[in-house]
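The values are calculated or read from the model by the stated rules, or taken from the named source; none is laboratory data. Bear in mind that the values here come from a model prediction, so they are computed numbers and not experimental data. Here the Cβ positions follow ideal geometry from the backbone for every residue, glycine too, while neighbour counts run over all protein chains shown. Surface areas here come from the heavy atoms of the whole protein model, side chains and all, with no ligands, DNA or RNA. Shrake-Rupley method; radii C 1.70, N 1.55, O 1.52, S 1.80 Å.
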Amino acid sequence: MSYSAVAAARRRRFPIIAPTLAVLLGLLLSGCGINRIPTYEEQAKAKWSEVENQYQRRTDLIPNLVETVKGYAKQEREVLEAVTEARSRATSIQVTPDLIDNPDAFKKFQDAQAQLTGALSRLLAVSERYPDLKSNQNFLALQAQLEGTENRIAVARRDYIEAVRVYNTELKTFPGLLWASTVFRGNKPMAEFAASDTAQTPPQVKF
């Protein structure tokens with residue numbers, strides 16, 4: 001067989017061999033865990049979005065709750081103002097997708113939400129002094145919605161914490177460590193929720 005014939009035969013085989021090699025390489029890389037980091041990252045971001053949604057839901061409930069309480073307990077001005085101010089501080093923090101990659105910004109967000117949680121707890125505790133308020137249907141509905149939202153926040157935070165744990169662990173352990181230092185060099189550990197002093201301390205209500 002002439003040289004030209006051999007070369008032609010090789011060229012005919014190449015279109016078949018190249019895709020096969022590409023598929024095999026893809027399977028090899030997949031088996032080595034190269035897809036885990038982006039997969040875990042997207043899962044953690046999705047869980048964070050749910051945390052944001054539930055905090056926003058709580059924020060949206062507060063103005064109506066404050067106005068309802070004010071109608072029955074105007075003299076509790078200090079408590080009402082504390083809730084309004086805490087809500088203002090919480091909403092003043094710009095929540096961006098980069099927040100979970102910035103530990104300092106994440107801590108500010110967490111601290112602001114913790115302060116708001118404490119202020120709301122004191123507001124609900126104050127309502128115990130006002131029977132008419134406690135029996136108001138609007139207040140009861142808002143209180144139920146708020147309590148339900150707080151439960152959803154707790155669940156969303158728990159799911160986010162677990163997703164971040166999986167993602168951060170992948171960055172620090174083999175074979176994820178290998179890919180994190182090469183292909184995904186720009187990926188950094190995500191911020192985690194920590195128990196704050198406010199969350200550990202029961203609300204102090206002064207009568």
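Can you give the accessible area per residue of the stretch 61-190, in Å², using a 1.4 Å probe?
For the stretch 61-190, the solvent-accessible area averages 55 Å² per residue.
Sorted by accessible area with a 1.4 angstrom probe, largest first, how do V155, V69, V166, V183 fall?
Largest accessible area first, the residues go V183, V155, V166, V69.
Report the net charge of residues surrounding V155, where surrounding means a beta-carbon distance below 12 angstrom and charges are Lys +1, Arg +1, Asp -1, Glu -1.
Details: positive: K47, R152, R157, R158; negative: E50, E150, D159, E162.
Result for the neighbourhood of V155: 0.
Largest first, what is the accessible-area ranking of E41, E81 with a 1.4 Å probe?
Ranked from most to least accessible, the order is E81, E41.
For the stretch 66-205, with all protein chains present and a 1.4 Å probe, just round the carbon and sulfur fraction of the accessible area to a whole percent. Let's see the in-between values first.
Working: 4140 of 8090 Å².
Here carbon and sulfur together make up 51 percent of the probe-accessible area.
List the extent of the Cα atoms of the stretch 79-136 along each of their three principal axes, largest first, rounded to whole Å.
46, 16, 14 Å, listed from the longest principal axis down.
Suppose the Debye formula is applied to equal point scatterers at every Cα of the stretch 29-127; what is log10 I(q)/I(0) at q = 0.13, 0.18, 0.25 Å⁻¹?
-0.56, -0.86, -1.27
Could you list log10 I(q)/I(0) for the stretch 93-178 at q = 0.10, 0.13 Å⁻¹, which the Debye formula gives when each Cα is one point scatterer?
Debye intensities relative to I(0), on a log10 scale: -0.43, -0.63.
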